[in-house]
Every structure is written in C-alpha cells, then in structure tokens.
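These notes are about the structure you will find just below.
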Amino acid sequence: MAKDFSTREDNYSKWYNDIVQRAGLAEASAVRGCMVIKPYGYAIWEKMQAALDKMFKDTGHSNAYFPLFIPKSFFSREADHVEGFAKECAVVTHYRLKNAPDGKGVVVDNDARLEEELVIRPTSETIIWDTYRQWIQSYRDLPILVNQWANVVRWEMRTRMFLRTAEFLWQEGHTAHATKEEAIEETYRMLDIYADFAENHMAIPVLKGFKSENERFAGAVDTVCIEALMQDGKALQAGTSHFLGQNFAKAFDVKFASKEGSLEYVWATSWGVSTRLAGALIMAHSDDHGLVLPPKLAPVQAVIVPIYKNGDEYDLVCNKARELKENLENHGILVKLDDRDTHKPGWKFNEYEFKGVPVRLAIGPRDVKNGTVEVARRDTLQKEVIAIDQAGKAVGSLLTEIQKGLYERALAFREANTHTADSWEVFNQLLDKKGGFILAHWDGTAETEQKIKEETKATIRCIPFDGNKESGKCVYTGKPSGQRVVFARAY
RNA sequence: CGGGGUGUAGCGUAGCCCGGUUAGCGCGCCUGCUUUGGGAGCAGGAGGUCGCAAGUUCGAAUCUUGCCACCCCGACCA
C-alpha cells in the first residue's frame, strides 16, 4: 500500500482528497471554493468532453457560446428560476478600480458603478432564451439544437474538489422545439446519451428516473436524471436533463408562427453534465492504492517502465521499449514510455499505480533476452509475463477487459448495496448500516420527502423509469403509493 | 452565518502552557559517488516576513487584542 495515504475504510473523505491531490488531478486555489484543475485532471476532462461532444454532434447538436455575464433583471423573469438560484449568485457591481487614496494597492472606484448589475452565470437559460427570441419567428426556425461548453459560478457555502466548487466547468445544452412531444423526446434522448456515456465510457452503472418536485431544476416542468452509487454508499447525481415546457418561452416572449398560422410559445429543454463527473469517476473505481481509471478515459492507457543497471542496459532496454511503444501505438493504444533516469522503477510503479494508469509494462534485460514483457493491470493488480511480440494485441484486449471488468465490479457493488425497505425501522437501519440505494414507497408529497430528509438526511434520488408499478404503503406516512422510489444520502 | 480547531521551508510537523543561543526534525529539492525487477544508500548543500497587523516587554514563534485564511461539525446546496 502507498505510504502516507488514507484508506477508504479509515477515512473516506480524506482518501478522496488524497487521491485528488496525489494523482495530480487538482488542487486548492488562492480563491476560496475554487480549484485549479491540473494537467492530468484536465486531460481526463478533455477525454470526457471529446466523447460527449461527439455524441452531441452525432445527434444533430452544434456548439455555440453565450456571455459569462447576465443582466440581473433577466433572472426575475422566471419566478421559480430566480428563487432557485438567487442565493448563490456572484454579482458584478463595478467596472473599474483605482489607486487607493492611502497609496496602498487598489480599491473599487465607486464612481464606476454599473447601471444594472451583472450576474455571473450559474446557468444560461435566461440569456439564451433572451437570445432565442431574436432567432425564432417561424416553425421553419425550429428546432434549435445548441450546446455550450462553459464555466459557471454558484457561490456554495461548502465545497469539495470536483463534487461541488464555486466555479466549475460543464456543458449545457439548450434546445427549442415546435411541439411539446418533440421537446420531451429530446429530454429523454439526451438523458440516454448521458447514461450511455456513464456506463460505456466511465464504466459506472446509473439509474435513470424523474426528480421529485423538491429536487427538480428551478424553472423546469420535469427533470430527469442519472444517479450513480459511490463506494461509501452515497448517491451522486451524475447528469440531468430538463423538460422546460414553455416556461422560458413565456418568460422571454419567444413565439413562433406555426404551419397553421397561429402564434405559439416555443417548447424547451436543457441538459448538462459537469466536472463533477471526475469526482464520480474517482469514487466509483478507485482503491486504497490510488486512482483507478477506465481505459476509455485514461490519458495514458499503458505505461512502459524500463529496468536497467547501467548505461549499456539502459540503451538495450529502452531500444526494445521504443519498439514496444510503437507496436502498441499501432494498435491504437495511448502509450507513455517513462525512460527518465531520475526515478527508480519502484518509484515509477507506485507513481503510475497512484495515477490509475490501466496497464503497466515492465521491461528489463531479462525480458529482452527472453523476448518477454511483464504486464500488470491496475484494476486487479495482477501481473503476468507475456511474449513481447504479442503485446500489442494482448494489451488491446486487456484494456477492453479492464473497461468491462470495472463496469461489472461497480454494477455488482450497486446491486449488493440496493435494498428494499417496507418499514420506517428497516429504512433507518439500512441507512445507518450500509447506506446505498433504498427502494421504498412514498406517498408522493413534498412534505413527506422533506420530513424524511430532515430526520435521516436521505433524499429521493429519483423515481425510476423502470420501477415496477407495485402498490404499497408509504414508508413514512403509511399512505398508499403506486411505485417504489429510490432513496439515498447523496453528495 | 453559528460551534469547535489549526496556521512555523514545497509538504508534514517539534518548540508555545512557563518569553531569552544561530527556530529543530522527517519527506521533498540541489551536487557528487555508489545504486536500479516494487517508493535506494552515503556524504555535502540550499531553502524560513514563525498567517497578517497592532500592542506589552530590554527582548515575542511563544503573552494580549484585532483581522485574514483553511479544516471539521451544523445551517445551506436542482
């Protein structure tokens, strides 16, 4: 085990922070609540972006960019929206600094107060719908399928690396449609893309479902989400897709002339995932040896560590290692050859283990002589020696196997930590002992959900799409219920 | 914003209660030699506004007051 490193058992949140820091993903910044995403962490985000961006484009979406600043008055156009975000908005009030009268540094110039304050976007629905009004006159202008990659700011009281920071990176899709049906279809289409991405790229199984009224996006008619389970038994909302109805169209007066000649309000969706996904990735797969990355999102899929005693051996081994690297690259594998002489092999082993590189290849004089290479997989920590001329093919299929294995391991964990509760007593026991997802009946009221939250800190993560429609009694009030919902304590 | 805690080299810390050498140690860093199949060893070396500001004192990392930052627990959080 790594020195100076916490275990999940010992201290889960310290373990998480240690991974973020020691794997070089991110670090705290000079600004409270904001983090610096370091090159290795950003490389993972770029791989996520690349995969998602392709999925968006493949479904007809285009990227665009809207301003960081939003006129304050825009927020009050939609009542629920302003209600939901008002408490966490950063506001720009001035546009100029001046030298301090006492000569020490600079101060805000009070003569440079903005006529209307600007809110730093916590999300962009308002400015986008204000813009869409200009873009839409006729049904021929629809649909508009736009996505934006951007940073947003939500002034959070308590922050955690990746999971909740004051500023974070995300994508937000904003679509406009002529019909309700089409908008609803889009809402589900994008949720399916998120679920596909989570399961096939991140190797994290997710539940799809509706948010309850309490958890719904401010301004949405319906919010659907994907929910993942972390190793400590807490749930994490990994992505959301909103059917906005005509709420924003009405708030920003966006109408179109239909084929029939009538003037109608436009139907809308919005959907997003953020750098929070990196947090999900860490907590879903990593172990007490450090980060574990699924091959599809690993910036380096295989690392080659040469082993040698002197200059002659170094040349011999590294020449072979370069051949090996080329071989792997020809199989489409992202390979790094670490031929630095400044660190010992043992040090490198630990380093790459900590950084979650899926496959490690060690090659020394013995291997050169025997035509072999040692292959170690990060997920199971198993090692084996294989023929070096088979390495390209072998590592390729090993990466596929690791990707699949991580998903299956996460799925098995979720299944082992999903329970049903039919009484308040069992509900509480499950929460205290195991956490995880709890399937329980709920009377459908916001009041009951609120009370459950106050008493147990558990919330309704989602009302699952695939939940069977068995009827039962609310676990809290005993009132009739038509379907089990998913409860959990959540990030 | 409430309750508690912590600020000493890049990181982790001792010293503080009870003021008094040149602020000590580990990791890391630099140089050299020996090493290299799971975090190397030895020798030498560099690196400090003791969070910031004021005060008490002959003298402050140490005592007093104020401020700032961070951490934990609450509150808050689609």
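The values are calculated or read from the model by the stated rules, or taken from the named source; none is laboratory data. Source: prediction; values computed, not measured. Positions of Cβ are generated from backbone atoms using ideal geometry, with glycine treated the same way; all protein chains shown enter the neighbour counts. Protein only, heavy atoms only, side chains kept; ligands, DNA and RNA dropped before computing areas. Shrake-Rupley method; radii C 1.70, N 1.55, O 1.52, S 1.80 Å.
Worth pointing out:
- Chain A, accessible surface, carbon-and-sulfur percent (1.4 angstrom probe): 49 percent
- For segment A:189-256, the convex hull drawn through the C-alpha positions has a volume of 97 cubic angstrom per residue.
- Nearest-0.05 FRET efficiency for A:Lys336 and A:Lys54, computed from C-beta distance (R0 35 Å): 0.90
- Mean separation of Cα pairs under 8 Å and 6 or more residues apart, divided by the residue count, gives segment A:300-397 a relative contact order of 34 percent.
- Restricting the trypsin sites (Lys or Arg not before Pro) of segment A:320-353 to loop positions (DSSP other than H, G, I, E, B) with no more than 12 neighbouring Cβ atoms within 10 Å leaves A:Arg340.
- For segment A:240-336, GluC sites (Glu not before Pro) are listed when DSSP marks them as loop and at most 14 other Cβ atoms sit within 10 Å of their Cβ; the list is A:Glu260.
- Relative to the longest principal axis of the Cα atoms of chain A, the long axis of helix A:276-285 makes an angle of roughly 40 degrees.
- When the residues A:Arg96, A:Arg489 are ordered by accessible surface, computed with a 1.4 Å probe over the protein chains alone, the sequence from largest down reads A:Arg96, A:Arg489.
- The residues of segment A:300-397 have, on average, 51 Å² of accessible surface per residue, using a 1.4 Å probe with all protein chains present.
- Across chain A, the mean sequence separation of Cα contacts (distance under 8 Å, 6 or more residues apart), normalised by length, yields a relative contact order of 14 percent.
- Percentage relative contact order, segment A:222-282, counting C-alpha pairs under 8 Å, at least six apart: 32 percent
- Estimated from helical segments only, the mean residue ellipticity of chain A at 222 nm is -11000 deg cm²/dmol, where each DSSP H run of four or more residues counts as -39500 (n - 2.57).
- A simple charge model with +1 on the Cβ of Lys and Arg, -1 on the Cβ of Asp and Glu and nothing else charged puts the dipole of chain A at about 700 debye relative to its Cα centre.
- In chain A, one over the average inverse separation of all distinct C-alpha pairs is 25.2 Å, which is the Kirkwood hydrodynamic radius.
- One Cα centroid belongs to segment A:432-491, the other to segment A:206-254; the line between them spans 17 Å.
- Principal-axis tilt of helix A:391-416 within chain A, Cα atoms, nearest 10 degrees: 50 degrees
- Magnitude of the charge dipole, segment A:2-75, Cβ model with Lys/Arg +1 and Asp/Glu -1, debye to 20: 180 debye
- Helix A:12-22 and the long axis of chain A differ in direction by around 70°, with both axes built from C-alpha atoms.
- Placing unit charges on each Cβ (+1 for Lys and Arg, -1 for Asp and Glu) gives segment A:1-81 a dipole about its Cα centre, and among A:Gly60, A:Tyr42, A:His81 the Cα reaching farthest toward its positive end belongs to A:Tyr42.
- The label point for A:Leu263 and the one for A:Lys250, both projected 7 Å from the Cα toward the Cβ, are 1.7 nm apart.
- GluC sites (Glu not before Pro) lying in DSSP loop within segment A:401-482, provided at most 16 other Cβ fall within 10 Å: A:Glu470
- Greater than 26 Å apart at Cα, pairs in A:Lys404/A:Lys433; A:Lys309/A:Lys383; A:Lys309/A:Lys348: A:Lys404/A:Lys433
- Dipole magnitude of segment A:300-397, debye to nearest 20 (Cβ charges: Lys/Arg +1, Asp/Glu -1, about Cα centre): 240 debye
- Alpha-carbon centroids, segment A:259-284 and segment A:376-409: separation in whole Å: 36 Å
- Anisotropy class of segment A:280-365 from Cα gyration tensor, a/c 1.5 cut: oblate
- More than 18 angstrom apart: percent of Cα pairs within segment A:418-488: 25 percent
- Distance from the C-alpha centroid of segment A:110-147 to that of segment A:168-189: 16 Å, rounded to the whole angstrom.
- Projecting the Cα atoms of A:Leu191, A:Leu169, A:Trp149 onto the charge dipole of chain A, computed from C-beta unit charges around the Cα centre, puts A:Leu169 farthest toward the positive end.
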